[in-house]
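Here, each number is a calculation from the coordinates, and none is a lab measurement. No experiment lies behind these values; they were computed from the predicted model shown. Neighbour counts are summed over all protein chains in view; Cβ atoms, including those assigned to glycine, are modelled from backbone coordinates with ideal geometry.
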Amino acid sequence: MKKQLKAVIALAVGVVTLSSAAFASYTSSNGYDVLKKSVIETLGTDNYTLKYEVALKADDKVLDSVSRYEELDIDSGALYIEDKENDDYRHRECVIAGENYEYTSYTYADESGFYKYPIDSVGVTGTLSFDKDDKITAKYIRFAELFIDTFVGDLKNNFVLTSQTDDAKTYRIVLSSVQVPEIVNAGFAVIYSTITENADEEYMSDEEKALMQMGEDTAVKNASLSFTVDKNNRITDAKAEGVLEGNGHYLTLEINASLYDIGTTVPQRISEEDRKNARDVSADFDTAEYTEETEETEETEE
């Protein structure tokens, strides 16, 4: 993954996750501060199994959903990923320890087999693969932290510690409509106006149609977040939900994520048959040219 893209993702992770931190109270320190530290500590984990699901619903209908199952071991250079979407899209990816090739399959409904191509100069990376010592990435994370500090304001005092053991602590918050900053609802009004101005029913997505029927007075009905932090200050479970309401309709975003087998994950392999029958597309990749281009780009950035 190129440095520019990793930096943008770092910012996105910071903004999305930390903004959810408008949520609990810790016995010896503020839950908001605990969440910030644990987000940063979780980034860069190099051996883990990760599972997450994201679903967007309009009333009771699922408009869109995505899920990922990922196993990573940086030290051995092994990776296994399964992605799914509700439109029958499937993606599988596998890098086997000791091999210089990656196997990737993109399918709709029917399995189409794997493609085999050389691993690029960046090497094996996963969802949490961030170099926190990288100057650019560190700046994006710091910017996100300061931005959310300002945005959250006094809501940072609303954290509640719900359970605690020697190995983990769990926090939770539920925000009602009156607790949500007005700027958030104003943002949805802008989105509605933009959709209305460029409306073309024939080409509108299901998400745009759902927002249209909710009207310009759409506002957050409630929002909640719960997360568990282990003894090493890494987030191991997280659940978030946000509900928009307008004209008697509801738009709900649900996120569920789990991080486990940290330090003990051994990524699975695709079958020997899939490896044998994988279509070798190495000729389509000029590794030397890619490496030179990547190095030149990084030098320019620095």
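Worth a mention:
- Filtered residue count, the range 211-244, keeping only those that are within 15 Å of Leu175 (Cα to Cα) and without any contact (Cβ under 8 Å) to a residue 40 or more places away in the chain: 4
- Residues of the range 153-177 that turn out to be in a helix (DSSP H, G or I) and over 18 Å from Lys36 (Cα atoms), as a count: 1
- The single condition among (1) among the hydrophobic types (A, V, I, L, M, F, W, C); (2) under 27 Å from Glu53 (Cα atoms); (3) outside any helix (DSSP H, G or I) that Met212 does not satisfy is (3).
- Residues within the range 245-265 that are farther than 20 Å from Tyr69 by Cα and either assigned to a loop (DSSP other than H, G, I, E, B) or free of Cβ contacts under 8 Å to residues at least 12 places away in the same chain (or both), tallied: 2
- The one condition in (1) outside any strand (DSSP E or B); (2) more than 30 Å from Ser205 (Cβ to Cβ) that Glu102 fails to fulfil: (1)
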